[in-house]
Amino acid sequence: MSRRELLETLPRAELDVETATEQVAPIVAAVRTQGAAALRDLGERFDGVRPTHLRVPADAIQEAVLGLDPLVRAALEEAIVRVRTVHAAQRPADFTVDVAPGAQVRQRWVPVRRVGLYVPGGLAVYPSSVVMNVVAAQEAGVGALAVASPPQKDNGGLPSPDVLATCGLLGIDEVYAVGGAQAIAMFAYGAAGSEPGDGETLCEPVDVITGPGNVYVAAAKRLVRGVVGIDAEAGPTEIAILADGTADASHVAADLLSQAEHDPLAAAVLVTTSVELAGAVESKLTDRIEVTANAARAMQALAGPQSAIVLVDNLEHGLEVVNAYGAEHLEIQTVDAAAVAERVTSAGAIFVGPYAPVSLGDYMAGSNHVLPTGGCAHFASGLGVHSFVRAIQVIEYDADALAAVADRIVALADAERLPAHGEAIRARF
């Protein structure tokens, strides 16, 4: 089967970003022109609560930290340490190249000035996403970080207490009770205040927006791309598992279910060489789904066109399939899994062996869980320090070094019919 045929055949969630873009364009426009007034109206419309404080008061963040369950706090603190350790190692190095005597090119990495980090709050809340976004930006050296998360009706119009507490643990005090497309618009264009407590400017524009969200968040990111940088137009979560007959069916079923519970559009794909494993996994899924807390959405996800069990003749064909699929999360549960993983060319993150499930990466591995979806792993990377820095090249030549290549520059300028380029060189000699 050709790669084109594989891409057409493999299951994938249907995500209509184009239609969503038409729907969110008026929202983005309203926030751009009306600022905080529009944000309050939209919070009432979409989240069922009109936020009194669009910017969360500092004492509310501190109260959330104090009220955090001790076990959850310990888990978050451990996750922060591990994610910080990994991301500190991601910092790219500056370099200097002496091209010729007196001719030097330097490259330095410079963090963006300010970032907006979005944390969803729909079917579930994600304090772990706060860790992933904030730590990566902090380790990149970003000076100003703002977080937005939807207002919760049962929390007095503030974001989830766990989200607020995680911001507090990370030292983030600029947090907004704003969700969805309106949060993306606020970050991209800034927002003027509308009430005395807002100040003249509620939120300053940012340079980069990151963080996962639903299709409307993805559509808003598409609309503001070019005004600001974005990480990706994230779609529903995906897990693919490449397994042979040695895999434990209970592990495989549990891991597929762990992603299926996220969303009815979540994708769970098993690629296996073993008919016996496929049957055992189906049986285990039936048993597990009956007792899982999020059974309804998990059942919908597993029954959807985006989820499947794919039988392949051998491991070579399995690798072709998973490389064509380009999963957000890819588990390798085979003999010699580490060697197989080295042959994977498209995946957001690869989880090797029976004791590295996707859940580990979601929380505690130290890697980042904000990853490319929808096949974007073919050309995009997960979130990291690189998402928040820019490479600036610095060129320094002395007179002799420029003179040595002057005739060649003039020749190329004339060949391109840009004679003023050549004159800029001749003027120096």
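Summary of values
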quantity: Pair list, Cβ < 9 Å and 6+ apart or interchain, from the range 202-221 residues that are farther than 14 Å from S149 by Cα to residues that are among the acidic types (D, E) and buried (at least 24 other Cβ atoms within 10 Å of the Cβ); calculated: V208/D231; K221/D231
quantity: Considering residues of the range 129-164 that are assigned to a helix (DSSP H, G or I) and touching a Lys or Arg at 6+ places or on another chain (Cβ under 7 Å) only, the residue farthest from Y363 (Cα to Cα); calculated: E139
quantity: Listing of strands (runs of 3 or more DSSP E) fully contained in the range 316-429 that carry 1 or more residues being of a type in the set (A, V, I, L, M) and in contact with a His (Cβ under 9 Å, 6 or more places away or on another chain); calculated: 349-352
quantity: Residue list for the range 153-162, restricted to those being in contact (Cβ under 8 Å) with a residue 60 or more places away in the chain, over 20 Å from A191 (Cβ atoms) and in contact with a strand residue (DSSP E or B) (Cβ under 9 Å, 6 or more places away or on another chain); calculated: P161
quantity: Verdict on L54 being of a type in the set (A, V, I, L, M), closer than 30 Å to A36 by Cβ and in contact with a helix residue (DSSP H, G or I) (Cβ under 8 Å, 6 or more places away or on another chain); calculated: yes
quantity: Some residue of the range 389-402 being more than 23 Å from M132 (Cβ to Cβ), in contact (Cβ under 8 Å) with a residue 12 or more places away in the chain and of a type in the set (K, R); calculated: no
quantity: The listed residue being in contact with a Phe, Trp or Tyr (Cβ under 8 Å, 6 or more places away or on another chain), outside the structural domain of E320 (by TED's automatic domain parsing) and part of a helix (DSSP H, G or I), out of A183, A188, A219; calculated: A183
quantity: Lone qualifier among V105, V83, V99, V72 - being closer than 30 Å to G384 by Cα and either exposed (fewer than 14 other Cβ atoms within 10 Å of the Cβ) or in contact with a Cys (Cβ under 6 Å, 6 or more places away or on another chain) (or both); calculated: V72
quantity: Leading residue by the ranking (farthest from the chain's Cα centre (by Cα)) among those in the range 47-65 that are buried (at least 18 other Cβ atoms within 10 Å of the Cβ) and modelled with pLDDT of 95 or more; calculated: A60
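Residues are listed down the side, and each one gets a yes or a no for (1) of a type in the set (D, E); (2) surrounded by fewer than 24 Cβ atoms within 10 Å (Cβ to Cβ); (3) within 29 Å of A327 (Cα to Cα):
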| site | (1), (2), (3) |
| --- | --- |
| A148 | no, no, yes |
| L164 | no, no, no |
| I172 | no, yes, no |
| G180 | no, no, yes |
| A220 | no, no, yes |
| V224 | no, yes, yes |
| I241 | no, no, yes |
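Okay, residues lined up against (1) more than 14 Å from L169 (Cα to Cα); (2) aliphatic (A, V, I, L, M):
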residue	(1), (2)
A58	no, yes
A64	no, yes
P70	no, no
L76	no, yes
I80	no, yes
P92	yes, no
Q104	yes, no
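Conditions tested, residue by residue: (1) among the acidic types (D, E); (2) in contact (Cβ under 8 Å) with a residue 60 or more places away in the chain; (3) under 21 Å from E316 (Cα atoms).
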{"site": "E233", "(1), (2), (3)": "yes, yes, no"}
{"site": "T237", "(1), (2), (3)": "no, yes, no"}
{"site": "A243", "(1), (2), (3)": "no, yes, yes"}
{"site": "A253", "(1), (2), (3)": "no, no, no"}
{"site": "L256", "(1), (2), (3)": "no, no, no"}
{"site": "H262", "(1), (2), (3)": "no, yes, no"}
{"site": "A266", "(1), (2), (3)": "no, yes, no"}
{"site": "T272", "(1), (2), (3)": "no, no, yes"}
{"site": "L277", "(1), (2), (3)": "no, no, yes"}
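Listed here are the residues, each with its yes/no results for (1) hydroxyl-bearing (S, T, Y); (2) modelled with pLDDT of 95 or more; (3) surrounded by fewer than 17 Cβ atoms within 10 Å (Cβ to Cβ).
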| site | (1), (2), (3) |
| --- | --- |
| H329 | no, yes, no |
| G348 | no, yes, no |
| V352 | no, yes, no |
| Y355 | yes, yes, yes |
| C376 | no, no, no |
| V394 | no, yes, yes |
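The values are calculated or read from the model by the stated rules, or taken from the named source; none is laboratory data. Keep in mind it's a predicted model, so treat the numbers as computed, not measured. Every residue, glycine among them, receives a Cβ derived from its backbone with ideal geometry; neighbour counts consider all protein chains shown.
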